[in-house]
Every structure is written in structure tokens, then in C-alpha cells.
Amino acid sequence: MPSCHDLFAAYADFIPDFSTFCASVQTEPSCCLRVNTLRTRPDVVRTMLIEEGYHSRPSSLADDLLLVDGLTHPGALRGALLGYYHSQALTSALAALVLDPQPGEMTCDLCAAPGSKTSHMAQIMRDEGLIVANDRNGKRLSMLEFNLKRLGVSNTVTTCYAGQNFPLRQKFDRVLVDAPCSGEGNYRWDHTGRLRHHRRASGDLPRLQRQLLLRGFDLLAPGGTLLYATCTYNPSENEAVVQTLLEQRPATLEPIQFDLAHCPGLQHWKAQTYDSRMQHCWRLYPHHTQSVGFFLARIRN
Ligand SMILES: C[S@@+](CC[C@H](N)C(=O)[O-])C[C@H]1O[C@@H](n2cnc3c(N)ncnc32)[C@H](O)[C@@H]1O
């Protein structure tokens with residue numbers, strides 16, 4: 001079984017406080033619940049949690065993102081079944097906040113299942129406008145449809161295209177590319193040193209990620225906004241993918257303004273040099289956020 005140091009050794013030169021990082025992935029991330037404001041309010045959920053014996057507090061990102069102490073199976077509580085909240089990592093919830101889709105807009109979620117970010121976008125849009133939630137995997141789309149129903153979302157239709165071939169007929173105000181990735185940000189070790197999340201079967205992920213990001217950009221209406229997100233630390237799946245977009249399209253990288261500890265995107269790694277605008281990307285590390293690892297790039301055309 002590889003140790004954390006072994007598995008992430010290639011990143012030790014850019015992940016700050018690498019030993020603290022390794023220690024953090026041997027602990028559970030904080031439990032985060034996104035209150036579903038289409039069904040209820042944060043104070044109602046906080047009261048329900050107190051009745052179940054759990055203390056919660058709002059996160060620095062938003063009042064409807066609650067951090068809950070000691071809650072290990074949030075999906076089993078009454079509030080989850082009623083669709084009052086959705087369990088979602090804090091850093092994952094940042095994606096929809098950064099993309100910031102507005103009520104009434106046309107939004108595309110190119111890799112959407114099982115729908116955590118689709119349903120978050122729907123609630124930010126107050127269930128107005130339209131979201132096209134696409135995923136290549138039909139079984140995972142069923143999970144998305146179940147989640148949308150549970151959470152009372154009605155402004156979303158689903159499609160099942162390979163995202164890189166998504167039809168270009170319709171243009172969108174906002175596009176999310178939450179790309180399939182190696183998932184390293186979710187790696188955690190239990191107290192016996194066993195790795196609980198394993199590397200996913202990958203194929204040529206960076207190639208697919210480049211194709212998805214280029215198609216996501218081509219789907220934007222003039223002045224539209226695109227968010228590229230992954231839950232991996234690997235620069236080949238993050239900065240290198242964004243670099244291809246900057247080289248092949250007239251894309252602009254925008255700063256992200258939220259109150260959460262992060263590091264800027266890399267400007268070089270090994271023999272690679274990346275565009276200096278990569279500093280606007282966010283790298284999120286578990287020892288800074290008590291959440292899971294994430295990468296975000298906010299892009300305009
Ligand atoms: C990181 S997950 C998305 C998580 C989702 N956005 C959420 O917040 O619940 C990546 C998804 O991409 C889908 N996927 C993989 N290859 C794809 C492709 N070529 N086109 C569209 N979706 C794809 C997978 O089935 C998977 O559901």
C-alpha cells in the first residue's frame with residue numbers, strides 16, 4: 001500500500017507544508033451540508049440538526065453552507081430525505097458559487113452527474129431559467145434525476161452526450177466543465193494506513209479534459225462565463241488543460257474572489273511553463289480548508 005508521501009511525492013515541491021498536507025489526508029474532512037433554499041432555510045436545518053444532537057455553523061463562503069461537527073452519515077437523517085439539504089464538500093460547493101449563474105439564464109453543466117453542482121446552480125438561479133445537465137453515463141444520470149427530484153429542482157433537463165461532442169446549436173450564458181479526473185483530491189487514508197479512495201480507471205484523461213474544456217468554451221454565448229473544475233492536484237489535468245484553451249481560443253482567465261484559503265495556479269511544473277494568467281486559478285488543499293482537494297479556473301470569452 002503506497003504512503004501519502006509516496007503517492008504525492010511528485011507534488012511535494014508545490015504543495016505548501018507537505019507534511020501537514022499528508023497528515024490531513026489521514027483524517028476525515030469536515031462534514032458540510034448545503035441547505036437547499038428551494039425547500040427551506042438555514043435556521044430551520046440548524047434547528048433540525050440540534051434536535052438530532054449536532055452542532056453546526058455557517059461556513060465563510062455562504063450562510064447556506066453549514067459545517068457540522070461529528071456527523072458521519074448525513075444522508076441518513078430526515079432532513080436529507082426531505083430534500084432540505086445536500087451533503088457536499090465545501091470546496092466542491094465553491095464551484096457553483098464561482099460560476100454564479102443568474103436566475104433566468106441559460107446554463108450548461110457538461111459533466112453533471114450525480115448532480116451536486118447542477119442542483120446547487122438551480123438553487124442559486126432560484127429554479128428560474130434553464131439548466132441543461134449532461135453526462136455521458138446514463139446510470140449516473142439516473143442518480144442525478146433522483147437528486148433533482150428529491151431537491152425539488154424543476155428548471156433542469158438532462159442529456160446524455162459525450163460532452164466533447166455536445167451539439168453547438170444552442171449557446172449558453174454559463175457553462176460548467178466539472179471534468180472527469182484522477183480524483184486525487186478525494187484520497188484519504190484510514191487510521192490503519194489503508195487508502196480509501198483509489199485512482200480511477202483513467203485512460204488519457206488530459207486529452208479528454210482538453211476536448212471537454214474546448215467544447216465548453218465553444219458553447220458560450222458572447223460574454224459568457226465558463227468554469228473548469230477538477231478534484232485533482234495533477235498539473236497535467238489542471239494548468240496544462242487550461243493552457244491549451246488559452247493557446248487555442250480567445251479566452252480570458254478571471255480572478256476568483258471568495259473568502260477561503262487557497263494557492264494560485266502554477267506557472268511552471270517540471271519542464272512545463274504555463275501562462276502567467278494561471279495565477280488567477282485556485283488550488284485548494286485539504287490542510288488549508290479541512291475539505292477535499294480542488295482546482296478551479298474561471299474563464300470568459
Ligand atoms: C467529477 S464527475 C461530475 C460530478 C458532478 N458535476 C457533481 O457535482 O455531482 C465527472 C462526470 O463526468 C462524466 N463523464 C465522463 N466522461 C464524460 C464525457 N466524455 N462527457 C460527458 N461526461 C463525462 C462522468 O460520468 C462523471 O459523472
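The values are calculated or read from the model by the stated rules, or taken from the named source; none is laboratory data. Being a predicted model, the structure only gives us computed values, none of them experimental. In this analysis, Cβ positions are derived from the backbone assuming ideal geometry, glycine residues included, and neighbour counts consider all displayed protein chains. Surface accessibility is based on the protein's heavy atoms, side chains included, excluding ligands, DNA and RNA. Shrake-Rupley method; radii C 1.70, N 1.55, O 1.52, S 1.80 Å.
Among the residues of the range 264-301, those identified as open to solvent by 70 Å² or more (accessible area, probe 1.4 Å) and in a strand (DSSP E or B) are P264, H268, Q272, T273, R300. Scanning the range 111-143 for residues that are near the ligand (Cβ under 6 Å from one of its atoms), out of contact with any Asp or Glu (no Cβ under 6 Å at 6 or more places or on another chain), open to solvent by 20 Å² or more (accessible area, probe 1.4 Å) and not charged (D, E, K, R) returns P114, S116, N137. Does the range 98-108 contain any residue that is near the ligand (Cβ under 8 Å from one of its atoms) and open to solvent by less than 10 Å² (accessible area, probe 1.4 Å)? No, the range 98-108 has no match at all. Can you find a residue that is β-branched (V, I, T) and crowded, with 20+ Cβ neighbours inside 10 Å anywhere in the range 65-75? Within the range 65-75, one or more residues are β-branched (V, I, T) and crowded, with 20+ Cβ neighbours inside 10 Å.
Would you confirm, using the coordinates I've provided, whether G163 is within 28 Å of L77 (Cβ to Cβ) and surrounded by 19 or more Cβ atoms within 10 Å (Cβ to Cβ)? Against the criterion (within 28 Å of L77 (Cβ to Cβ) and surrounded by 19 or more Cβ atoms within 10 Å (Cβ to Cβ)), G163 does not qualify.
In the set (1) in a loop (DSSP other than H, G, I, E, B); (2) within 22 Å of L65 (Cα to Cα); (3) open to solvent by 70 Å² or more (accessible area, probe 1.4 Å); (4) of a type in the set (D, E, K, R), K149 fails one condition alone, (1). Only one of the numbered conditions (1) away from the ligand (no atom under 15 Å from the Cβ); (2) within 30 Å of H5 (Cα to Cα); (3) under 20 Å from the mean Cα position of the chain (by Cα); (4) buried (at least 19 other Cβ atoms within 10 Å of the Cβ) is not met by R188, and that is (4). When restricted to residues that are within 12 Å of the ligand (Cβ to nearest atom) and open to solvent by less than 40 Å² (accessible area, probe 1.4 Å), the range 194-207 contains 1.
How many residues does the range 218-263 hold that are under 30 Å from C4 (Cβ atoms), within 16 Å of the ligand (Cβ to nearest atom), part of a loop (DSSP other than H, G, I, E, B) and aliphatic (A, V, I, L, M)? Number satisfying all stated conditions: 0.
Results for (1) within 27 Å of R300 (Cα to Cα); (2) within 11 Å of the ligand (Cβ to nearest atom); (3) among the charged types (D, E, K, R); (4) open to solvent by 30 Å² or more (accessible area, probe 1.4 Å), shown as yes or no for each residue.
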{"residue": "N155", "(1), (2), (3), (4)": "yes, no, no, no"}
{"residue": "T159", "(1), (2), (3), (4)": "yes, yes, no, yes"}
{"residue": "L168", "(1), (2), (3), (4)": "yes, no, no, yes"}
{"residue": "Q209", "(1), (2), (3), (4)": "yes, yes, no, no"}
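The listed residues are G83, G70, G75, G79, and the only one of them that is small (G, A, S) and more than 17 Å from H120 (Cβ to Cβ) turns out to be G70. In the range 63-78, the residues that are without any contact (Cβ under 8 Å) to a residue 60 or more places away in the chain and more than 15 Å from I50 (Cα to Cα) form Cβ pairs under 7 Å with partners that are of a type outside the set (V, I, T) and outside any strand (DSSP E or B), at six or more places apart or across chains, as follows: D63/P42; D64/P42; L65/S59; L65/L90; L65/A93.
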